[in-house]
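I have placed the structure first, in the form of structure tokens, so that the comments after it can refer back to it.
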Amino acid sequence: MSHDIRTPLNGILGLIEIEELREGDMQVARESRAKARVAANHLLSLINDILEMGRIEECKVTLEHESFNLKELCDNALVLCKLRASDRGITMLDTSEPYAVDQYMIGSPTHIRQILVNLLDNSIKYNKHGGTVTFSSTIKPVDDEHAVFCFSVSDTGIGMSPEFLKHIYEPFAQEGNDARSKFQGTGMGMPIVKSLIDMMGGTIEISSEVGVGSTFNVQIPLDIDKNPQAREGADEQAISRSLAGMNVLLAEDNELNAEIAQALLESEGIVVTRAADGKEAVELYTSRPAGSFDAILMDIMMPGMDGYEATRAIRLSEKADAADIPIIALTANAFAEDAKAAHDAGMNAHLPKPLDFNKLKNILARIKKNGTVSL
């Protein structure tokens with residue numbers, strides 16, 4: 001673990017020294033900042049994975065037991081990962097039968113989405129330019145009340161040796177220096193995936209060949225929602241109230257996450273104003289007349305001023321709507337203590353990443369109807 005943390009940290013420090021030595025050279029400064037940002041994001045991912053694994057080992061992860069549409073969950077995860085794949089010159093395919101998983105199930109959607117995104121991300125990350133990642137899914141009924149969600153993720157990536165497969169669920173396991181240095185994995189993704197699948201009573205099987213690619217087959221038992229019509233009707237009623245014309249301030253430092261959120265919001269006719277960090281969000285909010293924004297979507301982990309600090313600054317400002325404007329936390333952490341921290345900072349709602357856009361639309365619909373929403 002020491003090596004994994006020190007490597008990106010040493011890189012950041014080295015880039016700072018290079019910039020200082022070449023002071024005044026704007027090209028060097030830009031390149032150094034870009035490389036430092038990549039190293040810092042990798043370090044942040046590593047730390048987040050370490051914390052997540054720690055929570056799992058300490059039994060602090062609580063599975064949900066709620067109804068969700070399995071097809072919508074898969075579609076949302078695929079949209080997110082397709083953008084990442086495209087940036088790397090990788091093609092993503094979904095070979096599932098149409099509506100094969102278009103069913104309301106009861107389970108832990110946040111953690112199923114986390115498993116799916118982790119596996120898709122792995123297949124993108126450890127792939128080759130021009131390669132492919134193929135996703136396939138189905139539901140296998142067990143009886144009238146239970147079913148198994150079966151899905152596979154296959155790639156044409158670098159593959160893994162039989163010896164490495166024996167250690168793939170060990171924290172920080174990576175095969176060889178090439179995978180460590182070239183592909184920048186944390187070595188924590190698969191242990192987290194395996195732990196979450198075990199918690200849900202599921203299974204995962206892996207087949208792989210070096211230089212050819214890998215296939216991950218997952219089975220997760222779920223309960224069948226026996227009364228989805230009432231739930232679906234309530235959702236549609238909330239969404240049917242058009243969101244067009246709403247004005248939303250989006251504070252998100254990750255360019256890709258911001259682009260995705262903006263595109264999804266604008267597809268509903270919502271006017272989006274973007275802020276790159278908490279400080280800019282506060283400045284944009286305070287510089288506009290009261291009522292300019294109907295809601296604020298606030299990322300938590302941002303450089304300089306984080307989402308909690310920005311929310312407190314907004315609530316303490318002298319604007320007429322400072323105490324009332326709905327602020328929604330967008331965070332990679334989905335734990336109860338994170339929701340409490342958001343509430344304590346003055347936020348009205350808490351949504352984990354990857355973003356469930358249907359949940360966000362429901363929250364915005366409630367804001368448009370009632371003017372507020374609460375955790």
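Observations
- With at most 15 neighbouring Cβ atoms within 10 Å, loop trypsin sites (Lys or Arg not before Pro) (DSSP) excluded, longest segment of the chain: 242-375
- Filtered chymotrypsin sites (Phe, Trp or Tyr not before Pro), segment 40-134: DSSP coil and at most 13 other beta carbons within 10 Å: Tyr99
- In nm, spacing of pseudo-spin labels at Ser292 and Lys128 (7 Å Cα→C-beta vector): 5.2 nm
- Averaging the sequence gap over all C-alpha pairs within less than 8 Å and six or more residues apart, then dividing by the number of residues, gives segment 229-370 a relative contact order of 23 percent.
- Placing unit charges on each Cβ (+1 for Lys and Arg, -1 for Asp and Glu) gives the chain a dipole about its Cα centre, and among Ser317, Ala341, Ile327 the Cα reaching farthest toward its positive end belongs to Ser317.
- Scattering curve values for the chain, log₁₀ I(q)/I(0), Debye with Cα scatterers, q = 0.07, 0.15 Å⁻¹: -0.34, -1.50
- 31 Å Cα-Cα threshold exceeded, pairs from Lys35/Lys359; Lys279/Lys368; Lys194/Lys368: Lys35/Lys359; Lys194/Lys368
- The His167 and Asn247 beta-carbon pair, evaluated with R₀ = 56 Å, returns a calculated FRET efficiency of approximately 0.65.
- Farthest toward positive dipole pole in the chain [+1 Lys/Arg, -1 Asp/Glu at C-beta], among Gly269, Ser152, Ala100: Gly269
- In straight-distance terms, cross-link reach from Lys340 covers every one of the lysines whose alpha-carbon lies under 18 Å from its own, apart from those fewer than eight places away in the same chain; here that gives Lys60, Lys353.
- Loop sites by DSSP among the GluC sites (Glu not before Pro) of the chain, restricted to those with at most 11 other Cβ atoms within 10 angstrom, leave 146-317 as the longest stretch without any of them.
- Modelled FRET efficiency - R0 35 Å, Met199 with Ser267, Cβ distances, 0.05 increments: 0.50
- Fraction of C-alpha pairs exceeding 24 angstrom in segment 229-370: 25 percent, rounded to a whole number.
- The mean sequence separation of alpha-carbon pairs under 8 Å and at least six residues apart, normalised by the residue count of the chain, gives a relative contact order of 12 percent.
- Inter-label distance, nm, simple model (7 Å from Cα along the C-beta direction), Asn227/Arg88: 4.4 nm
- Stretchable slack from Arg33 to Val212, in nm (0.36 nm times residue separation minus alpha-carbon distance): 60.9 nm
The numbers here are math on the coordinates, done by the rules we state, and not lab data. Computed from a predicted model, the values in this text were never measured in an experiment. Reconstructed Cβ throughout: ideal geometry from the backbone, glycine too, with neighbour counts over all protein chains shown.
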